[in-house]
Each structure stands twice: as C-alpha cells, then as structure tokens.
Amino acid sequence: MDAEQYRRRARRYLIRARQMLNPVNRATMIDMAVIWMRMAEWAKPENRWPINRILKYEAFQPEHISVMGNVFEDVLRTIGLVDRQDLLAEKVAKKVIELAQTGDCDYLRLRELTLSAFGGNPN
C-alpha cells in the first residue's frame, strides 16, 4: 500500500468514530485512525528506511549522509537483514549516525565500527 491508501483508511475510521455513540467504541476507531496515519507517514519514500527517518533530525553534510546511507545498506546486507522496518535495522541506523557524529565519515572505518558493534565480521 502507498501512503494515500493508508490515509484513506484512516479517514474511514474517523468517519466511523463520528458515528459511534459509545465513547469506548469511538476511542477505538480514533486509535485505529492514528495507527493508519502513522503507517501513511512511514510509507512516504523519504521515511521508508529507518536511517532516513532518523537523519531528518540531524545536521550532516550531504556527502556524509550519502556515505552513512551506503554504510547502513552494506551493514544490513552483511548481517543478512532484509526487512528494513525491522527493529534491528533501526538500531543499525542509530549506530551509524552515532559513529558518524564523532566526525569520522570514512566509509570503510564507519562500516567496520558498525559491524563490530553488531558482532559482524567486517571482512
């Protein structure tokens, strides 16, 4: 599904919420709408990968962001993680950013340090 389809589902739940007389049922419909809206946000291309969601709030040079994205993808591929929405993928993204915040954005060094943090073999 794309972001717009998720938003449509959220709207349907909000419409149903207005029709509910029981406050508990109304709250449940609103909660469901919130979940679908959150999924719509995650479905946006710029938010699809955990590293992009996190990087929105960090100040890095564009060339560093590119290196960090490549390291992130390479580390996930090396440790065999396919699902980018997995919690471990987010942890990898945070580790790459944490290591890059030290000012060192050398691809090989960043990759090696990230892999070693997750018990992977850098070679």
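Calculate the length of the line joining the C-alpha centroid of region 23-43 to that of region 67-119, in whole Å.
Answer, in whole Å: 32.
7 Å from Cα along Cα→Cβ at both residue 90 and residue 73: what's the point-to-point distance in nm?
2.3
First select every other residue whose beta carbon is under 15 angstrom from the beta carbon of residue 25; then total the charges, Lys and Arg +1, Asp and Glu -1. It would help to have the intermediate numbers written out before the result.
Numbers: positive: 12, 16, 18, 26; negative: 31.
With Lys, Arg at +1 and Asp, Glu at -1, the neighbours total +3.
Bear in mind these aren't lab numbers, they're just calculated from the coordinates by the rules spelled out. In this text, all values refer to a predicted model and were calculated from it rather than measured experimentally. Cβ sites come from the backbone with ideal geometry, for glycine too, and all protein chains shown count toward neighbours.
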